[in-house]
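All remarks here apply to the structure that follows.
Here, each number is a calculation from the coordinates, and none is a lab measurement. Quick caveat: nothing in here was measured; it's all calculated off a predicted structure. Note: ideal-geometry Cβ built from the backbone for every residue, glycine included; neighbour counts use all protein chains shown.
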Amino acid sequence: MSDMLQDELGEILEEFFTEAEENLDQLEGDLIQLESLAEEGDTDAETVARLFRVLHTLKGGAGFLGLENMAKLAHAGENLLDEVRNNKVPVTKPVMDALLQTNDAL
């Protein structure tokens, strides 16, 4: 690989990880909000949609850059949130634990 391509790839990866860090901060905040709502027996479709979008964005970027483990993990979280937003799975402690662990692993 030429030096120019390596430099460009390095810049792309740096930008991706900067954006990923911002997305993960958003994800964590929204997960905490969802957890609080779930403890009160409530959910918020808007929060679930934001969580889904963040994981979808992370999955796409990671997949494009060949970061397969990250893409697979984001995809698993995205699938779980899809079940939540389609009212197939309630937001329970095990669901929140899985989502929080996904966030930590990402």
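Restricting attention to segment 43-59, the residues being surrounded by fewer than 18 Cβ atoms within 10 Å (Cβ to Cβ) and closer than 27 Å to residue 10 by Cα number 3.
Entry remark, segment 1-42: residues being surrounded by 10 or more Cβ atoms within 10 Å (Cβ to Cβ), over 16 Å from residue 65 (Cβ atoms) and of a type in the set (D, E, K, R) number 7 in total.
Do we have any residue at all in segment 55-75 that's among the small types (Gly, Ala, Ser) and touching a Leu at 6+ places or on another chain (Cβ under 7 Å)? Checked segment 55-75: at least one residue is among the small types (Gly, Ala, Ser) and touching a Leu at 6+ places or on another chain (Cβ under 7 Å). Does segment 65-88 hold any residues that are surrounded by 15 or more Cβ atoms within 10 Å (Cβ to Cβ) and without any contact (Cβ under 8 Å) to a residue 12 or more places away in the chain, and which are they? Hit for segment 65-88 is 67, nothing else. Considering (1) closer than 17 Å to residue 96 by Cβ; (2) crowded, with 16+ Cβ neighbours inside 10 Å, the lone condition that residue 62 does not fulfil carries the number (1). Contact map, segment 33-52: first residue farther than 20 Å from residue 76 by Cα, second residue acidic (Asp, Glu) and assigned to a loop (DSSP other than H, G, I, E, B), Cβ cut-off under 6 Å, separation 6 or more or different chains; pairs are 37/44. Within segment 43-78, being touching a helix residue (DSSP H, G or I) at 6+ places or on another chain (Cβ under 7 Å) and outside any helix (DSSP H, G or I) holds for 43, 44, 65.
I'd like to verify a number: residues in segment 25-42 that are more than 11 Å from the chain's Cα centre (by Cα), in a helix (DSSP H, G or I) and either farther than 13 Å from residue 85 by Cβ or basic (Lys, Arg) (or both), how many? Within segment 25-42, residues that are more than 11 Å from the chain's Cα centre (by Cα), in a helix (DSSP H, G or I) and either farther than 13 Å from residue 85 by Cβ or basic (Lys, Arg) (or both) number 8. When segment 79-106 is filtered for residues that are assigned to a loop (DSSP other than H, G, I, E, B) and of a type in the set (S, T, N, Q), the ones remaining, listed by number, are 86, 87, 92.
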